[in-house]
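This report concerns only the one structure given below.
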Amino acid sequence: MQGLRNISWLLLIVLLAQPFASAVASAAPSGAEVRIASASGPQVVSLLPADDAASVPANTKLRIRFDEPVQPGTGSITIKNSTTFETVETYDVATDTAHIQYNYDSSVVTITPTPGKLVGGTSYYVNVPAGAFKNAAGTGFAGITDTLTWNFQVIGTDTGSPYVLSYFPAQNGTATSLGTQLSIKFNEPVIPGTGKIVIKDLSSGNPFCEFSADSANVTGTGTDTITIAPCKPFGANMVYAVQIEGAAFSDVSGNFYPGIAATDTTTWRFTITKDTEIPELVSVSPPSGVNYVKENEVLRMTFNKPVQVVSGKTGTALLQNSADKVVLNLGPDASDPKSVTLTPETPFKQASRYVVQIPADAITDLSGNYFPGILNDYRWVFQTIGSDKTAPALSSAAIEGANILLTYNEDLDETSVPYASNFYVTVNDVPRQVNGVTVSGKQVRLILQSGVTVGQTVKLSYTIGDRPLRDKSGNNAAALSGQAVSNTTDTTLPKPVSGVVSGSTLTLTFNKSLSSSPAPAASQFTVYVGGYARGVSSVTVSGTNVTLALGAAIGNGEAVSVSYAPGTSPLVDLSGNAVAAFNQFYVQNTSDTVPPVLSSGNASGNKVKLIFNEGLNASSVPLKSSFSVLVNGASVAVSSVSVSNNTVELTLSKSLSANQVVQVTYVPGSPALTDLAGNPAATISNYQIVVGSSTGATLTSLTVKGTTLTLTYSAPLNANTVPYPLQYIVEVNGNYVTVRNVAVSGSQVTLTLASAVASGQTVKLTYYNSGIALQDALGTTMEGFTNRAVTNESSPISNAPEYLDTDGEGGLLLSLNTASAVASSTPSGKSGKRYLIDADKLITSFAMLKSNAAQVAVQQLTFKIPASEPAAMVGIPLRGLISGASVNNNASFRLVFGNLAYTVPLNSIDFNQELKLIGGDVNGSYLYLTIEQENNSSLAAAVNSRAGTLLSAPATFTMFVVSGTRQREVTSYNNADVTRSFVLTSGSANPSEIAVVRWDNVLGDAVYAPTSVNATGSSTIVSFKLKSNGTFAVSGKSNRIYSDMNSHWARNDVAILASKFIVDGPTRTKFAPSQNITRAEFAKFIARGLGLPGDNSAAAKYSDVGANGANAAYIGAVSNVGIVQGTADGKFKPNAPITREEMATMMLRAMTYAGVQPASSTSVLSRFKDGGTVSNWARSAVAGNIEAGVMNGISATLFKPKANATRAEAAVMVKRMLEYAELLKS
C-alpha cells in the first residue's frame, strides 16, 4: 500500500511489529485485508473502495471494517481532491447521522457522500482523524491522516444493480455435508443490508433458518462472494430453498440486488444428502518403511476429510517376531481436523521393527462412516532409531539463487543444524561468507553473504562440529573438502517460482532477491488472460517480488500466465545475473472457482504428458494409483507422477512405440490434481493419445531478418521449455551478436538480437542444450549444434530510414519511436498513452512503400502498440495522411494491438472533407484510432442466450477526426472500406460458423457486423467492415436448424443467417418460413445484415411507427441511410406484407449503401410476361436485383412484382444480396 510511506511513526512501528499486517491493499481487490491500528485500539480490516482503486463509481459509498465494534469519538472525516487538495465534504463523526451509519454489530462504518460530490475522472483521498472511533475500552483508532493511505479514482455513476453469477450449492444441486455453508458469487462487490435471508425447508414449507443479511451468519462484506452460515445443521436427504429480501445486499453505489422473492422456491433450490463415502487414509507420519522413529514419537494419520475417534478405541504397534506390543492412544489432532494422533503408552524399543494396526471400528468421518482400519503387516511398518548404521551420502551440490543447495540420499535430522561457520565457501578462490544454514528433508541450504555469477568456480568445505549434519538415525554425514558446486545457467540465474493475481495486480515471486534499479520496462512482460494478451501498465520490484499492474481486473475462471522477454532494462539479481526469458508461466487467480480442463496430451518414450488450460498446483501431486494407462488395450504401470506449470507427466514402466494408442484415465483421490486456486480437476475417462514419431522434431531451417533469427523445426515444440539466451551464440561476419530474448511458439524458436543483421552479411549459429534444453511437444530433447549457416533474409530495401523495418506480412513497420506519447483516457476511462505520429516521417514512409514496390508485397504501413498499454491509442496527423494519399493513394495504414488490427486505406476516406467538416487546421488535426479490449457482459449474455460462444474478448474500435477540443466520428467511407480484424487460433471454430457481432445499445442486442474469415497457417483472421464505432467480438454459433424447417428448401440459408444473428424466428425454435414477411420484418433483416446501428428517433417521423413502436430501431436504422422512405402520407405500414418490387427497391438501396451497384438495364424485364406490370419507380431496382442474381422470377416467365414473399424467400434474397455485396461469406 503506497500510503504506508507517509503513515505516522506510531502506526509504522505497529505494522513492523505485526509483519502479517503488511499485506495491505496495494491495488487490492475490494475486501482485501488491511491493518491500520494503534497499539491497542481498533484495527482496520478492510477499506472500500480499496486503496488505489480505479474505476470507482461516482455514487459509491465509503466503508471501513474494523476488527471489533466501535463507537463515535471526536473529529470529522474529510474527502479531499488528490490534485487540488481541496476539501470535498466533511462529516462530524459525533453528529452527522445522515451520512455516517453503522452495521448490526457496529464493526462496519459506512459513509455516504452527498450525490454529485464525487466527479468522474477525479482522484480523491480520505482522512480519518485519530480518535474518530473508539472501542468499548475507550481506546481510539489511530487514524488515517496522509494523502496516500486511502485514495481512489472515480469514473461515472453506477446505476446497475448487482446480479448473481453462481450459487453454492448450485441451482438444483446437491451438497453432501450437513454442515454445508452457502455462498453467492455476484458480478461485483456487495454490502449486506438489513433485508432478511430465509432458508426454507420445502418438506414442511416452514422457515428452517432466517436472519438479517448484516448478521454474524453472513460474511464476505465488500467482496463479490458472500458466505452464509445456517443457524443449525441441515437434515439429511432434505430439500431447501433460499429466499432473499430486496434490501439484503447492495453494491458500493447503493444499488440493491433485487433478491429472491418469498414465493420463489426454484431460483436457489438444493438438496442435502448424507455423506456415504468411507474416509480414505491419505498419509501416515512417519511414512511406512522409515528407519529412524524415536522412542516416544507421536504418530499421525491424515485422511481426505475431517474424522473423529470413537471413544475408548486404541491402536497397536506390534514388535516383529515378538509378542510385545505398544498401545497407541488415538486422539484428535488439534491443528488439523483431518488428522488423528497416535501416542505410545510406553516407549518403542531401539533398533526394532514395528507394525501398526488400527481396529476397523476406531475412526469415523463426521457422518459416521467407518475407516476400515489397518489389520495387515504391510500398510504401516517402521523401524526405530538404531536400525540404520549407514551415514548419509552427498548426492549433489549446486547454486540455487543466492544459496548453495546440498542434496543427500536420505532424510536428515532437522533438529541438528550446523553453525554457518562450519562451512567454508570460495568463489573463484576468494572466500565468500556463509550467513545461515537450514536443513529440510534431504536438503541443506547455505545462505551466502552475496550471490554468485554464472560460470564462477564455487567450492565448498565442511567441518563436523558439535551440531553435525546427520540422518534421523543419528549417523553423521562425512566432512567435505574442496567439493565442487555446480554453477550453471540452470542453477544460478534467477527464475520465478510462484505467482498470484488479484484484481488488476499480478505478483511474481522469484527464487532470489532482484535489483529494483533500473526499473524494468513494462513492455518486457506479456500477460495472457484466457489466451489473449493483456496490457501491463507498470512494474515494481521489491526483494523477491515483481508486481505488475494490469490495465483491467482479472475475472473468475480466467487462466493467467506471464511471459517475459528481457529488453534494454532487464530484471537482474543483486549479483547482476539477468533473469532469463520465460514463457507462459502460470499464476494463481485468487477469484478463480472454475476447475482446470484437460486441453491436450502427448506421449513419447516412456512419458505421457497431459496439458491443461491453466496452471496446476505442483505441491498437490496425485498418487500414481489415481491414473490408469492402457497401451493398445493392455495395461501399463505408472512408475511416477509429476506436476509442473500446466502439465502432468506420467512416467511409464516401459517405453512406447510410434503410432500406439494410449488411453489415460484419472480418478480423483487424495491428494487431488488441482489448479493454483485449489479447484480440483474432474475425472478423465479414457483420454486417447496417439504416440508420435519416436525420432522427435528436427531442425529444418535457420533464417534471420533484421533483429529476428528464426529456427524452424519439423514438428511442434514444447512452449514451456525455453532455453536461456546464453545457450545461443550468433556470429555475424565473424563478430558475435548478443541474443536478447528467446521465444518458443509452435514449431519455431525466435531469437531477438541486440543489433540488426544487414542484407548480405554471413550469419552462423551455435546452440548448447545444457541449461534448459529445448524439447518438442513429445518431450524429446533437441540436439545441440555448432556453427550452422543461417539464411539471411534481411530487408534489401535501400536507403530505408532507421524507423522503418519490414512488418513480417509483406509491408513496412513504422517504429514506435516516430511517435510522441501523451496522456489520454481509453473508451472505458482507463489512463493510458496516445501515440502521436510524426507527420513528416509518416509521409516519408508512404513514399518508401511506393518507391520499393518491387521489394514490398503489400502497400501497407503497420504501427504496433505495445501489449503493456491498456489500449491502442494512436493519433495520425491529417497532414501526413493527406500528403501520403497524394504520394501513394493505394497504401493503407494498419494499427496492430496484440491479436487486433485496424486497417485504413488512404483512399477510403476523404480527409480533406473531414477536415472541412470539423473546421480545423491541417497542421493541428489528427485521425484518432483506438482499440481497447474490455469486458462487455451485455454482449456476452446476448451471444450466450442464442446458444453462441464468444471466441474472442470484446474489443472497442473507434475512429474520430480531432482538432483541438473538437472531435467528430468518421462514418463516411469510400468503396475501399476500413477493415477491423481479430486473429484467432486456427481450429477455434468452423469458419462458416464464425461471425463478428456488435453490441447495440439502442437495440439492446448483439448485431452482425459484415464478416470475412481467412485461415492462414496456425491463425484464423476474422475481419469485418462497418461504418461505425462500437464494441465488437467474434462469435461462434453452429448453423441451427429451426424445428419447422427440417426438410424445407431454404433450411441451410436460414440456418446460416441465424448463426450470424441476422434473422430470427417468432419463437426460439420456429422460423415460420411460409408466413408472408412484413415490411417491418424485412427492414429488420436488412438492418441486421448490414450491421446498421439502431435508431428509434429516426422512426418517429412515421406516424404508424413512432419512436417506441415494435421494430422502430430497425426501421429508423434503414431510414437513416435512405433504404426506406415510407409512403406519401407519412406512414411506413410496418405490419403490411411487403411486395416483391418493394423488396427489390430496398435491396438495391442497401447494395448502393454497401458500395456496390449492379447493372440495371430494364430490358431484362422483357423475359417475363408480366414485366410491364412492374411499377415505374421499381423497374431499375427489379432489373438490378435480377442482374445481380439476388432475385428470380416466380417461374421462368412470371415475376409477379405485386405479390408478397414468404419469410423463407425473403431470408434467401437477403443472403444473396449480402453475398453479392461481399458482406457475407457462407
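The values are calculated or read from the model by the stated rules, or taken from the named source; none is laboratory data. Keep in mind that this is a model prediction, so the values were computed, not measured. Note that we place each Cβ from the backbone using ideal geometry, even for glycine, and neighbour counts take in every protein chain shown.
So that you can scan it fast, the table gives a plain yes or no per residue for (1) assigned by TED's automatic domain parsing to the domain that holds LEU460; (2) basic (Lys, Arg):
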| residue | (1), (2) |
| --- | --- |
| ALA351 | no, no |
| ILE358 | no, no |
| ASN369 | no, no |
| LEU375 | no, no |
| LYS389 | no, yes |
| LEU405 | yes, no |
| TYR424 | yes, no |
| PRO431 | yes, no |
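Which residue is nearest to VAL500 (Cα to Cα), if the candidates are limited to region 681-710 and must be at pLDDT 90 or above and touching a Leu at 6+ places or on another chain (Cβ under 7 Å)?
Among them, the one singled out is ALA681.
If you check THR60, THR78, THR74, which single one turns out to be at pLDDT 85 or above and assigned to a strand (DSSP E or B)?
THR78
Can you run down the residue pairs with Cβ atoms below 6 Å, 6 or more apart or on separate chains, where the first is in region 768-783 and on the phi > 0 side of the Ramachandran plot and part of a loop (DSSP other than H, G, I, E, B) and the partner is modelled with pLDDT under 75 and β-branched (Val, Ile, Thr)?
So the pair list comes out as GLY771/THR489.
Yes or no, residue by residue, for (1) in contact (Cβ under 8 Å) with a residue 40 or more places away in the chain; (2) over 27 Å from the mean Cα position of the chain (by Cα); (3) surrounded by 15 or more Cβ atoms within 10 Å (Cβ to Cβ):
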{"site": "ALA637", "(1), (2), (3)": "no, yes, no"}
{"site": "SER640", "(1), (2), (3)": "no, yes, no"}
{"site": "VAL643", "(1), (2), (3)": "no, no, yes"}
{"site": "THR647", "(1), (2), (3)": "yes, no, yes"}
{"site": "LEU652", "(1), (2), (3)": "yes, yes, yes"}
{"site": "ALA658", "(1), (2), (3)": "no, yes, no"}
{"site": "VAL661", "(1), (2), (3)": "no, yes, no"}
{"site": "TYR666", "(1), (2), (3)": "yes, no, yes"}
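Tell me, please, whether a residue that is surrounded by fewer than 21 Cβ atoms within 10 Å (Cβ to Cβ) and of a type in the set (Val, Ile, Thr) can be found in region 1085-1098.
no
Scan region 95-105 and tell me whether some residue there is surrounded by 17 or more Cβ atoms within 10 Å (Cβ to Cβ), of a type in the set (A, V, I, L, M, F, W, C) and under 37 Å from the mean Cα position of the chain (by Cα).
No, region 95-105 contains no residue that is surrounded by 17 or more Cβ atoms within 10 Å (Cβ to Cβ), of a type in the set (A, V, I, L, M, F, W, C) and under 37 Å from the mean Cα position of the chain (by Cα).
List every residue pair whose Cβ atoms lie under 8 Å apart, where the two residues are 6 or more positions apart in sequence or sit on different chains, the first residue falls within region 1182-1203 and is touching a residue at least 40 places away in the same chain (Cβ under 8 Å), and the second residue, located anywhere, is assigned to a loop (DSSP other than H, G, I, E, B) and among the polar types (S, T, N, Q).
As it stands, the answer is GLY1184/GLN1157; GLY1184/SER1160; PRO1201/SER1175, since those pairs meet every condition given.
Looking only at region 239-295, filter to residues that are in a strand (DSSP E or B) and among the small types (Gly, Ala, Ser); which one of those is surrounded by the most Cβ atoms within 10 Å (Cβ to Cβ)?
Per the stated criteria, the residue is SER250.
Which fully enclosed strands (runs of 3 or more DSSP E) of region 128-213 have 2 or more residues being of a type in the set (A, V, I, L, M)?
Here the list reads 164-168, 182-186, 190-192, 196-201.
Can you pull out every residue in region 1131-1157 that is touching a residue at least 60 places away in the same chain (Cβ under 8 Å) and over 47 Å from the mean Cα position of the chain (by Cα)?
Once the filter is applied, which keeps residues that are touching a residue at least 60 places away in the same chain (Cβ under 8 Å) and over 47 Å from the mean Cα position of the chain (by Cα), region 1131-1157 yields PRO1137, ILE1138, THR1139, ARG1140, GLU1141, GLU1142.
Among the residues of region 1156-1193, count how many are of a type in the set (S, T, N, Q), outside any helix (DSSP H, G or I) and over 20 Å from GLU1209 (Cβ atoms).
3
From the list VAL587, VAL594, which one is surrounded by 21 or more Cβ atoms within 10 Å (Cβ to Cβ) and either in a strand (DSSP E or B) or modelled with pLDDT of 85 or more (or both)?
From the options VAL587, VAL594, the qualifying one is VAL587.
So, of the residues in region 784-819 that are in a strand (DSSP E or B) and of a type in the set (A, V, I, L, M), which turns out to be surrounded by the fewest Cβ atoms within 10 Å (Cβ to Cβ)?
Going through the qualifying residues, I end up with ALA789.
Only one residue in THR180, THR157, THR174 is β-branched (Val, Ile, Thr), modelled with pLDDT under 90 and within 28 Å of the chain's Cα centre (by Cα). Which one?
THR157
If a residue has to be touching a residue at least 60 places away in the same chain (Cβ under 8 Å) and among the hydrophobic types (A, V, I, L, M, F, W, C) to count, how many in region 302-334 make the cut?
Going through region 302-334 one residue at a time, the tally reaches 2.
Looking at ALA953, ALA941, ALA885, ALA947, can you tell me which residue is without any contact (Cβ under 8 Å) to a residue 12 or more places away in the chain and either assigned to a helix (DSSP H, G or I) or out of contact with any Leu (no Cβ under 9 Å at 6 or more places or on another chain) (or both)?
Testing whether each residue is without any contact (Cβ under 8 Å) to a residue 12 or more places away in the chain and either assigned to a helix (DSSP H, G or I) or out of contact with any Leu (no Cβ under 9 Å at 6 or more places or on another chain) (or both) leaves just ALA941.
Which of the following residues is of a type outside the set (A, V, I, L, M), exposed (fewer than 15 other Cβ atoms within 10 Å of the Cβ), outside the structural domain of LYS830 (by TED's automatic domain parsing) and in contact with a Lys or Arg (Cβ under 6 Å, 6 or more places away or on another chain): THR463, THR438?
Only one candidate passes the filter, namely THR438.
Is it true that SER1059 is more than 26 Å from the chain's Cα centre (by Cα), of a type in the set (Ser, Thr, Tyr) and modelled with pLDDT of 90 or more?
Answer is no for this residue.
When region 1024-1047 is examined, which residues are found to be part of a helix (DSSP H, G or I) and either within 24 Å of ALA1150 (Cα to Cα) or in contact with a helix residue (DSSP H, G or I) (Cβ under 6 Å, 6 or more places away or on another chain) (or both)?
Scanning region 1024-1047 gives a single hit, MET1045.
Given the structure, is PHE1061 touching a strand residue (DSSP E or B) at 6+ places or on another chain (Cβ under 9 Å) and part of a loop (DSSP other than H, G, I, E, B)?
yes
I'd like to know if region 616-624 contains one or more residues that are surrounded by fewer than 21 Cβ atoms within 10 Å (Cβ to Cβ) and in contact (Cβ under 8 Å) with a residue 60 or more places away in the chain.
Looking through region 616-624, at least one residue is surrounded by fewer than 21 Cβ atoms within 10 Å (Cβ to Cβ) and in contact (Cβ under 8 Å) with a residue 60 or more places away in the chain.
Tell me which residues, restricted to region 693-719, are crowded, with 20+ Cβ neighbours inside 10 Å and assigned to a loop (DSSP other than H, G, I, E, B).
Passing the criteria: GLY696, ALA697, ASN718.
Among the residues of region 1163-1185, how many are aliphatic (A, V, I, L, M) and closer than 11 Å to LEU1148 by Cβ?
4
For TYR768, state whether it is in contact with a helix residue (DSSP H, G or I) (Cβ under 7 Å, 6 or more places away or on another chain), crowded, with 21+ Cβ neighbours inside 10 Å and not β-branched (Val, Ile, Thr).
Answer is no for this residue.
Return the residues of region 475-504 that are surrounded by 15 or more Cβ atoms within 10 Å (Cβ to Cβ) and part of a loop (DSSP other than H, G, I, E, B); say none if nothing qualifies.
ASN475, ALA477, ASN487, THR488, LEU493, PRO494, LYS495, GLY503, SER504
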